[in-house]
Each structure stands twice: as C-alpha cells, then as structure tokens.
Amino acid sequence: MATKHIAVVPGDGIGKEVTAVGKKVLEKIAAKYGHTFTYEEALIGHVAIEATGDPLPADSLEIMRNSDAVLFGAVGHPKYDNDPSAKVRPEQGLLKMRKELGLYANLRPIKLFDELLDASSIKPEILRGADILFFRELTGDVYFGKRERIEDGEAAYDTMIYYKYEVERIARKAFEAAMTRGKKLMSVDKANVLESSRIWRETVLEVAKDYPEVELEHQFVDAAAMLLIKDPRRFDVVVTGNLFGDILTDEASQIAGSMGMLASASVGDGTGVYEPIHGSAHDITGKGLANPMASVLSAALLLDISFGMKQESLDVINAVDAVLKAGFRTRDIANADTPADKLLGTDTIGEEILNRL
Ligand code: NAD
Ligand code: IPM
Ligand code: MN
C-alpha cells in the first residue's frame, strides 16, 4: 500500500476527455490495491492562456514538481494553428514543461494488440507480432535551438543542434532497454547530410562500446520511415532525435492501429510525465468520439515506471486487451464489420475498461 500524489493536467480539446478516463482508471487501481492516490489539477495550453495569459503558469509547474507523477492530456487550439503570427501559443507550454522538468527521454511503445490486426491499413501478415520501443530525445534538437525571423521578416531559421551529452544520456537509456529486450537497437539520424546527426552517430557509437552484446544498426530517417511500413517486425528498440522521433512515431501509430492507442512516458531528471502521443484533435473535440486508450495506457506506464507498480500496470493493460477482445471499439479502431452495439464513445468504452479492472 502506497501513498502517491498525482498532478492531472488535461490541457485542451480531447486532452480533457481522455484524461478524465485515465484518471478514473488510476482511482480504480488505487481502490483495488488499497493505495492512496491524491490528485491535483493544473492548467496548461490554451485553457491556461485563457485563464492567465501564460501557456504554463508558474503554479502549474509547481504542482507538477511537487507531485510523484503527472498525467498529461494534450494542448492545442485551431485558433493558433491558423494564425502563424500568434506570439503566445499552447504548444509553448508543453515544450516548457518538458524542458523545466528535464524530461529528456520520451518512451513511445508501439504495441499492437492482436485484436487490432485489422484496424491498420498495413497487411496483417506484415504486422502480426510487431512490438517496438521508441526512445525519442525530448529536450533538444531543432525544438530548442536558436530561431529567428531575419531579412525584414522575409526569411526565418531554426537551428538543429545536439550536444554530445544530450545524445549520450538518451543513447544509454535506449541501450539499457535493449539489454532487457531483444538486444537490438536501431539509431535513426540523417548523418549523410546533417552535422548534428554526425555528432549523434559518433556519440551513439561511443556509448555502444559499453554494450557489446547489443546489436547496433544505424538507419537514415528517410529509409527508417520506409522500413517501418515495409517490415515493422524488424524494429525492436529505436533511438532518435526529437523531430525525427515525433514524425516516426505518428507514422508508427498506424502499426498499432490508431493515434488513439499510443501512450508515452516522458522521463529524465525529476517527476515523470505520462502523455498520449496524440494532440487535442480539434476535428473530434466535444463529440465523445476520442479513443481514451492512449491515456489509459499512459496511466499504465505511470504506474509501472514512476511507482514501480508492475502488477497494477499489467492489470490496466489486460483490461484494455479484454475490452478489445470483447469486440468493443471506438470509431478510430472500428471497421465496416464492427456491429453498432460494439461501437462506443470515450466514456462508454472507458466504463468497459473500468468494469474489467
Ligand atoms: P492530433 O493528434 O490532434 O490528430 C490527428 C488525427 O488523429 C485527427 O484526425 C484526430 O481526430 C485523430 N486522433 C488523435 N487522437 C485521437 C484519439 N484519441 N481518438 C481518436 N482519434 C484521434 O494532431 P493534429 O490534428 O495534427 O493537431 C491538433 C492540435 O493538437 C494542434 O494544435 C497540435 O499542435 C496539437 N498537438 C498536441 C500534441 C500534444 O499535446 N502532445 C500532440 C500533437 C498535436
Ligand atoms: C507531440 C506533439 C508536440 C511535439 C507538439 C504539440 C509540440 O506533436 O507531443 O508529439 O512536437 O513534441
Ligand atoms: Mn507529435
């Protein structure tokens, strides 16, 4: 029996809808195992800008720092997506949270539940058994490099920059994970063109000397993007930079069937943040259509990684699996054969998950 304090940070759009389900799952687990979980909500993104003018107010950050883990939803609003001139933006809150909490490693497991073999646009015989763990570097790269408008606003640049220490620490985490899995690691870069990728590759090769048992493979990001779809089972652990990791994991969500299935853990120096990889999904916000499984599976990662509660975490994953086995689907993972009575919304599929915990 443990006592833990959790910051709940739903953010915007479907972030609110799916995080509510993720939180209920944590409550149910606490009740089942006799743990005491306390919760504190904090604002981030568009809702924080509306309330305070700041996408990550100081007290939100304080709440996160003082918690044992953070369950985060998503940020974003169409108002900013369609206004490139906006100076204050929801996404700044997310990037600041990652930087301030030192969350340099973003673990994105791509795990295909067997029941969803037909939810993907990739052929089942290519997909069956795919199981990938991405280590996306999260506090460096072009996301945090110097940027500027120049030439009277006629041009702009963003700097893609990597320090060796940044590459080294994420590479070590990936090698450590590879040791516990299939002892295979793919490092993805663009070292045939970019100097920051050459420092990436050079550093990964140095770290590799400490892990002689791990079979290390390098791929250029363009080829890696192709191979993911051609032969997803050839991937095991992957380590890559912030931008390449962002793009490749959205692509890889199609291996798991949908963006609505992909959870992630952002870890590093302090409190861990657990977040779906998807965004605020304006196109389905407020319709009750969002798949909450990415948030629920993020809660499972939270239990495992931040609290060391392996069995509790497994219970959550098994509950999701059981709901899928029972044939329940949200729209994003349904197909023409899904019977109408099995097609559920965010809250109703959430209830089915809770019933199986
Ligand atoms: P998105 O991930 O929000 O949506 C992409 C597509 O996937 C949409 O069609 C959406 O309906 C679908 N989708 C996403 N999550 C789903 C779920 N749980 N269930 C069912 N369908 C789901 O990406 P986008 O449309 O490019 O961006 C929308 C906004 O979200 C933007 O403002 C962007 O900046 C922001 N964003 C935030 C995060 C984050 O907070 N981590 C991540 C990505 C995008
Ligand atoms: C993600 C998102 C964010 C990113 C955006 C919203 C800043 O796409 O969490 O994957 O690019 O990291
Ligand atoms: Mn993304």
Residue by residue through region 300-357, note down the ones that are among the small types (Gly, Ala, Ser) and closer than 15 Å to residue 290 by Cβ. 334, 345, 350
Condition test on residue 248, is it surrounded by fewer than 19 Cβ atoms within 10 Å (Cβ to Cβ), within 16 Å of ligand 2 (Cβ to nearest atom) and within 30 Å of residue 202 (Cα to Cα)? no
Residues of region 132-162 classified as of a type outside the set (Phe, Trp, Tyr) and either in contact with a helix residue (DSSP H, G or I) (Cβ under 8 Å, 6 or more places away or on another chain) or within 16 Å of ligand 3 (Cβ to nearest atom) (or both), total: 13
Somewhere in region 237-259, is a residue more than 10 Å from ligand 1 (Cβ to nearest atom), among the acidic types (Asp, Glu) and either touching a Phe, Trp or Tyr at 6+ places or on another chain (Cβ under 8 Å) or under 18 Å from residue 184 (Cα atoms) (or both)? no
Condition test on residue 304, is it in the same structural domain as residue 60 (by TED's automatic domain parsing), in contact with a helix residue (DSSP H, G or I) (Cβ under 6 Å, 6 or more places away or on another chain), closer than 30 Å to residue 172 by Cβ and more than 15 Å from ligand 2 (Cβ to nearest atom)? yes
Condition first: part of a loop (DSSP other than H, G, I, E, B) and crowded, with 16+ Cβ neighbours inside 10 Å. Now tell me which residues in region 321-355 satisfy that. 328, 330, 334, 338, 344, 345
Could you look through region 1-19, keep only residues that are of a type outside the set (D, E, K, R) and more than 18 Å from residue 60 (Cβ to Cβ), and pick out the one that is surrounded by the most Cβ atoms within 10 Å (Cβ to Cβ)? 14
Which of the following residues is over 19 Å from residue 296 (Cα atoms), in the same structural domain as residue 347 (by TED's automatic domain parsing) and of a type in the set (D, E, K, R): 27, 50? 50
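So is residue 114 within 25 Å of residue 144 (Cβ to Cβ) and more than 13 Å from ligand 1 (Cβ to nearest atom) or not? Give the steps one after another, and end with the answer.
Values: within 25 Å of residue 144 (Cβ to Cβ): no; more than 13 Å from ligand 1 (Cβ to nearest atom): yes.
Judged against the criteria, residue 114 is not a match.
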Scan of region 138-164 for residues that are surrounded by 10 or more Cβ atoms within 10 Å (Cβ to Cβ) and out of contact with any strand residue (DSSP E or B) (no Cβ under 7 Å at 6 or more places or on another chain), ordered by number: 139, 140, 141, 143, 144, 160, 161, 162, 163, 164
Has region 281-290 got at least one residue that is buried (at least 21 other Cβ atoms within 10 Å of the Cβ), within 9 Å of ligand 1 (Cβ to nearest atom) and not charged (D, E, K, R)? yes
When you scan region 36-64, how many residues do you find that are of a type outside the set (Asp, Glu), surrounded by 15 or more Cβ atoms within 10 Å (Cβ to Cβ) and part of a loop (DSSP other than H, G, I, E, B)? 7
Sole miss for residue 100 among (1) in the same structural domain as residue 330 (by TED's automatic domain parsing); (2) within 26 Å of residue 26 (Cβ to Cβ); (3) within 16 Å of ligand 3 (Cβ to nearest atom) is condition (3)
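The values are calculated or read from the model by the stated rules, or taken from the named source; none is laboratory data. Quick caveat, the model's predicted, so the values are computed rather than measured. Cβ sites come from the backbone with ideal geometry, for glycine too, and all protein chains shown count toward neighbours.
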